[in-house]
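Working notes for the structure below.
The values are calculated or read from the model by the stated rules, or taken from the named source; none is laboratory data. These figures come from a predicted structure and were not determined experimentally. So basically every Cβ, Gly included, is an ideal-geometry build from the backbone, and we count neighbours across all protein chains shown.
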Amino acid sequence: MSEGIIIVDERGQIVIANPVAEQIFGYEKDGLSGVDLEILLPLRLRARHMTFRQGFYDHPQPRRMGIGRDLQALRKDGTEFPVEISLSYTKAKGQLLVMAFISDISLRKKAEEALKRSEEQLLVYAAELEKKVEARTMALNNTIVKLEDEVRERKKAEEEVRRAFEKERELNELKSKFVSIASHEFRTPLSAVLSSAALINQYKDKGDVEKVGKHVARIKSSVVHLTSILNDLLSLGKLEEGKIEINKERIVVKEFLEEVREELLETLKVGQDIELHCTPEGAEINSDPRILRNMLFNLISNASKYSAQGKKIFLSCDQQNGKVEFHVRDEGIGIPEEDLKHMFERFFRASNAGNVQGTGLGLNIVKRYAELLNGSVLFTSQYGGGSTFSISMPL
Ligand code: ADP
């Protein structure tokens, strides 16, 4: 038997105990026989136990004792220890004898408690670990966010540098292209000025007034052309650097166009004229007259350049839908169908431009000026049948 067995009579006296029971409770051999059962219980539990014992005698029935609570027993040396007890009974010589099967569960309890303690410890560790993981995750997330920010910043900076490089490259390209065009375009009018000046000297001595007049006109038109190239160059430079200052003022359109006409008549080809037609009579806009003049100069000088001597140029204005429109129409060479889509591109010259002098910058500048003033430029053209360029400006 690994269990202690104690048999108790109706008065609660131990009849007999097996050696395991004696050993569990720390008694010598036969030391338990004849003693009161309650001696094996801690003092504080004895009274209650006696009531229980009475209850069992009244309704005897095999069962476990103290289900759901820990049973404490008392050794002979006064120390307490946990036990598990099953009860049974038997009758002998008309007497009811109760049998108690007792196991010392000190070791098991200790193990259980140790287990419980280590489980608790484990829970504490787990909680600490969880906290640490949380903290780490948070730190990591922060680092990731910071890194992402950094990467974004870097990308932005790189993009800016790239754009700056690109712009620089474009500007350099533009400069070198312009230098080559300008040096070519300057040479022709300059040599015309030089040769005309020399010829004037000769004709002056011969008294040929008509020839002198012709060469003075040639010098004039060369100078006008040089000026317009220079103007384009300056405009382009300013546009590229974003340095165009806009100074809007009230402009009476008709008066303004009359001035433009007067100024430009001088520069037209022989027999060309500008016919002006402006409605409504008193139309006014709020815009920058310098820029507007520059745009119209460009369009009108194109109209003159790309039409033959003696052809008329039609300058008109009208007003609709809160906008003023300026139209410059010519009866010149027009623009070939396949070139239409490239108009306004920087340096573009139509295939029929031939040896008409030009840089391919004017229209691009006109368009950018128009955009600066919240306006737009449109055109229609008939190859061989003339063109109309229109500037549309908000009132
Ligand atoms: P440029 O006249 O100096 O060449 P523009 O930018 O003013 O430069 O014009 C670009 C091109 O558009 C011209 O070279 C020409 O081929 C074409 N063009 C412009 N205006 C007219 C026009 N009124 N009639 C025919 N072609 C034109």
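A quick yes/no check of all residues on (1) within 8 Å of the ligand (Cβ to nearest atom); (2) under 24 Å from G242 (Cα atoms); (3) among the polar types (S, T, N, Q); (4) surrounded by fewer than 17 Cβ atoms within 10 Å (Cβ to Cβ):
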| site | (1), (2), (3), (4) |
| --- | --- |
| E337 | no, no, no, yes |
| A350 | yes, no, no, no |
| V366 | yes, yes, no, no |
| Y369 | no, yes, no, no |
| Q382 | no, no, yes, yes |
| S387 | yes, no, yes, no |
| I391 | no, yes, no, no |
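Among the numbered conditions (1) among the basic types (K, R); (2) assigned to a loop (DSSP other than H, G, I, E, B); (3) more than 10 Å from the ligand (Cβ to nearest atom), the only one that R346 does not meet is (3). For the range 22-38, the tally of residues that are surrounded by 15 or more Cβ atoms within 10 Å (Cβ to Cβ) and part of a helix (DSSP H, G or I) stands at 5. Restricted to the range 325-335, and to residues there that are acidic (D, E) and either part of a loop (DSSP other than H, G, I, E, B) or more than 9 Å from the ligand (Cβ to nearest atom) (or both), the residue that is farthest from D232 (Cα to Cα) is E331. Annotation: of all residues in the range 352-362 being part of a loop (DSSP other than H, G, I, E, B), farther than 19 Å from E173 by Cβ and of a type in the set (G, A, S), the one that is farthest from the ligand (Cβ to nearest atom) is G354.
Please verify whether the range 280-291 includes one or more residues that are within 12 Å of the ligand (Cβ to nearest atom) and under 17 Å from L233 (Cα atoms). First the steps, then the outcome.
Taking the range 280-291 and keeping what is within 12 Å of the ligand (Cβ to nearest atom), we get none.
The answer is no, given that none of the residues of the range 280-291 is within 12 Å of the ligand (Cβ to nearest atom) and under 17 Å from L233 (Cα atoms).
Please determine, by comparing only the residues of the range 363-395 that are in a helix (DSSP H, G or I) and among the hydrophobic types (A, V, I, L, M, F, W, C), which one is nearest to E284 (Cα to Cα). Selected residue: A370. Among the residues here, I313 qualifies as in contact with a Ser or Thr (Cβ under 7 Å, 6 or more places away or on another chain) and at pLDDT 95 or above. Within the range 284-311, the residues that satisfy the criterion of being of a type in the set (V, I, T) and under 23 Å from G360 (Cβ atoms) are I291, I300. Take the residues in the range 371-380 that are under 13 Å from H327 (Cβ atoms) and among the hydrophobic types (A, V, I, L, M, F, W, C); name whichever of them is nearest to the ligand (Cβ to nearest atom). Selected residue: F379. Within the range 352-387, being among the aliphatic types (A, V, I, L, M) and farther than 17 Å from I229 by Cα holds for A370, L372, L373, V377, L378.
Residue-by-condition table, conditions (1) more than 23 Å from T380 (Cβ to Cβ); (2) under 48 Å from the mean Cα position of the chain (by Cα); (3) surrounded by fewer than 19 Cβ atoms within 10 Å (Cβ to Cβ); (4) more than 12 Å from the ligand (Cβ to nearest atom):
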site: E240; (1), (2), (3), (4): yes, yes, yes, yes
site: I244; (1), (2), (3), (4): yes, yes, yes, yes
site: N247; (1), (2), (3), (4): yes, yes, yes, yes
site: D273; (1), (2), (3), (4): no, no, yes, yes
site: L276; (1), (2), (3), (4): no, no, yes, yes
site: L296; (1), (2), (3), (4): no, yes, no, yes
site: K312; (1), (2), (3), (4): no, no, yes, yes
site: K323; (1), (2), (3), (4): no, yes, yes, yes
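Taking the criterion of being over 25 Å from K305 (Cβ atoms) and surrounded by 13 or more Cβ atoms within 10 Å (Cβ to Cβ), the only residue of the range 254-271 that qualifies is K254.
Selection over the range 194-211 of residues that are farther than 23 Å from L226 by Cα and in a helix (DSSP H, G or I) gives a count of 7. Residue-level check: of (1) farther than 18 Å from M343 by Cα; (2) crowded, with 19+ Cβ neighbours inside 10 Å, K305 misses just (1). Within the range 91-125, being part of a helix (DSSP H, G or I) and under 22 Å from R63 (Cα atoms) holds for S106, R108, K109.
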